[in-house]
Amino acid sequence: MKITDIKTYPAWVGRRNQLIVKVETDEGIAGWGESGLSGRELAVIGAVQHYREWLIGRDPMRMGALWQEMYRSQYFEGGRVLSAAISALDIAFYDIAGKALGVPVYQLLGGKQRDFVPCFATVGMGPKMIEDAQLLLDRGWNVIRTGIGHPETDDPALFEPRESIPMTATALTKLREALGPGPVLGIDYHHRLSVAEAASFCQRMPSGTLDFLEEPIRDETPEAYAALRTMTDVPFAIGEEISSKWGFLPYIERGLTNFVRIDVCNVGGLTESLKVAGWAEAHYIDLMPHNPLGPICTAATVHLAAAVANFAWLEARATPTENLGFDDGEWFPVQLKLEGSRYRVPDGPGLGVEFNEARAQGQAFKFWEAPHLHRRDGSHTNW
């Protein structure tokens, strides 16, 4: 089998683009992949086009060798743009291999270890937060993540950490009191805090309020997380920004994260994800994958989750309290569907997802840019 073409489709689905990659072969089998670098699709498309120049004619069944060649074929290896391109291609190669062999992708990763993949849902930080969380509990969800609180303002791009912290801590304390000790409760602070701010946030809540704190600060400096670790006992969930096993190294080896928030579409695809999973298993750390994209990312992550021993929960974004519109049935006529609070592990060949290529071919590219947040003094801050 040989690769005959590689195509990219930045399709506007729901509220933003999904960058879909198609790998075609001379045996009529095509594989689908997805890149996770939202908002920078044109950069990833450029990287994919560079890889396309020499991938045509290669055997897509040699996933591991192609991964190494893609990673090592330039002097300036690595980085989020290249890793996002490699991720999409690697996932598509596994989809092809599963279809060619007539087996689900998880069979290529070591076989199925679980029959279904449990998920967590998100509730907004607002007047309906407790009501929405109770709705989730009533429908069988027992792992709940919240968004961030901030006082209302006429400027949607304004974010002041010290104004967000007391409001959010107070709301989470009330939420825990309302839900009781049973449900797992966490929050995603979307790397908007400093070390001191994150410590202050944790210290404003009673012990046991949170089961995990997701991405409170950025991941570039492990030493910052090491300092924060001495200031709070709240478990950390880190990793959605990390684009290689080397990036995960200090967080796993030094015990700086308690849940690995791996993103299959950013870290280097299934080939790299499986290595990170094994490494985390050796340190008794569970995967808690980042999954804010579309059905291809979801399917790839479900197959990974099925094949590894150390797994906690998968992020789900089409739930009773949230629907980002990223799983449009017209765009993805074949896809995995939530069953309550979990995905059943599929048994068909490949990923189990198909994409409406004809619809994508008729759509012009639409730019999407994440909010550019600023503080009251006009300085820029993280989204």
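Taking region 225-250 as the range and being buried (at least 23 other Cβ atoms within 10 Å of the Cβ) and not hydrophobic (A, V, I, L, M, F, W, C) as the test, the residues that pass are G239, E240, S243.
Looking at F120, F76, just one residue is surrounded by 14 or more Cβ atoms within 10 Å (Cβ to Cβ) and of a type in the set (F, W, Y), and that residue is F120.
This table checks each residue for (1) surrounded by 14 or more Cβ atoms within 10 Å (Cβ to Cβ); (2) without any contact (Cβ under 8 Å) to a residue 60 or more places away in the chain; (3) out of contact with any Cys (no Cβ under 8 Å at 6 or more places or on another chain); (4) outside any strand (DSSP E or B).
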site	(1), (2), (3), (4)
V23	yes, no, yes, no
E34	yes, no, no, no
V44	yes, yes, yes, yes
Q49	no, yes, yes, yes
E53	no, yes, yes, yes
R58	yes, yes, yes, yes
L66	yes, yes, yes, yes
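Any residue at all in region 363-374 that's at pLDDT 95 or above, in contact with an Asp or Glu (Cβ under 7 Å, 6 or more places away or on another chain) and either polar (S, T, N, Q) or surrounded by fewer than 24 Cβ atoms within 10 Å (Cβ to Cβ) (or both)? No: zero hits.
If you filter region 191-224 down to residues that are surrounded by fewer than 21 Cβ atoms within 10 Å (Cβ to Cβ), outside any helix (DSSP H, G or I) and β-branched (V, I, T), you find that the one that is nearest to the chain's Cα centre (by Cα) is T221. The set of residues from region 252-270 being surrounded by 24 or more Cβ atoms within 10 Å (Cβ to Cβ) and in a helix (DSSP H, G or I) comprises V264, C265, N266, V267, G269, L270.
Can you find a residue that is within 17 Å of A306 (Cβ to Cβ), among the aliphatic types (A, V, I, L, M) and in the same structural domain as G39 (by TED's automatic domain parsing) anywhere in region 74-93? Yes; the residues of region 74-93 include at least one that is within 17 Å of A306 (Cβ to Cβ), among the aliphatic types (A, V, I, L, M) and in the same structural domain as G39 (by TED's automatic domain parsing). Taken as a whole, the condition of being in the same structural domain as F332 (by TED's automatic domain parsing), surrounded by 24 or more Cβ atoms within 10 Å (Cβ to Cβ) and either more than 24 Å from E69 (Cβ to Cβ) or at pLDDT 95 or above (or both) does not apply to D286. Considering only region 246-261, I want to know if a residue exists there that is touching a strand residue (DSSP E or B) at 6+ places or on another chain (Cβ under 6 Å), touching a residue at least 12 places away in the same chain (Cβ under 8 Å) and either β-branched (V, I, T) or within 18 Å of Y106 (Cα to Cα) (or both). Scanning region 246-261, I find at least one residue that is touching a strand residue (DSSP E or B) at 6+ places or on another chain (Cβ under 6 Å), touching a residue at least 12 places away in the same chain (Cβ under 8 Å) and either β-branched (V, I, T) or within 18 Å of Y106 (Cα to Cα) (or both), so the answer is yes. Figure legend. Inter-residue proximity from region 93-116: first residues of a type in the set (S, T, N, Q), second residues surrounded by 24 or more Cβ atoms within 10 Å (Cβ to Cβ) and part of a helix (DSSP H, G or I), beta-carbon distance below 7 Å, spacing 6+ or different chains. Indicated pairs: Q113/A306; Q113/A307.
Of everything in region 331-371 that is in a loop (DSSP other than H, G, I, E, B) and among the aliphatic types (A, V, I, L, M), the residue that is farthest from G111 (Cα to Cα) is A364.
Of the candidates D115, D90, D132, D138, the single residue that is closer than 30 Å to K2 by Cβ and of a type in the set (D, E) is D90.
Residues in region 292-311 that are surrounded by fewer than 24 Cβ atoms within 10 Å (Cβ to Cβ) and assigned to a loop (DSSP other than H, G, I, E, B): P292, V308, A309, N310.
Considering only region 206-226, state which residues are of a type outside the set (D, E, K, R) and either closer than 25 Å to T146 by Cβ or touching a residue at least 40 places away in the same chain (Cβ under 8 Å) (or both). Within region 206-226, P206, S207, G208, T209, L210, F212, L213, P216, I217, A224, Y225 qualify.
Of the residues I187, I144, which single one is more than 23 Å from T381 (Cα to Cα), in a strand (DSSP E or B) and aliphatic (A, V, I, L, M)? None of the others qualify; the one that does is I144.
For region 225-245, the set of residues classified as assigned to a helix (DSSP H, G or I), touching a strand residue (DSSP E or B) at 6+ places or on another chain (Cβ under 9 Å) and among the charged types (D, E, K, R) consists of R229 only.
Here V13 clears all of (1) at pLDDT below 95; (2) β-branched (V, I, T); (3) touching a helix residue (DSSP H, G or I) at 6+ places or on another chain (Cβ under 9 Å) except the condition numbered (3). One residue is enough: does region 353-361 have a residue meeting the conditions of a type outside the set (D, E), more than 30 Å from L274 (Cβ to Cβ) and in contact with a Gly (Cβ under 6 Å, 6 or more places away or on another chain)? No, the conditions are met nowhere in region 353-361.
The values are calculated or read from the model by the stated rules, or taken from the named source; none is laboratory data. All of these numbers come straight from a predicted model, not from anything done at the bench. All Cβ positions, even for glycine, are placed from backbone atoms using ideal geometry, and neighbour counts span all protein chains on display.
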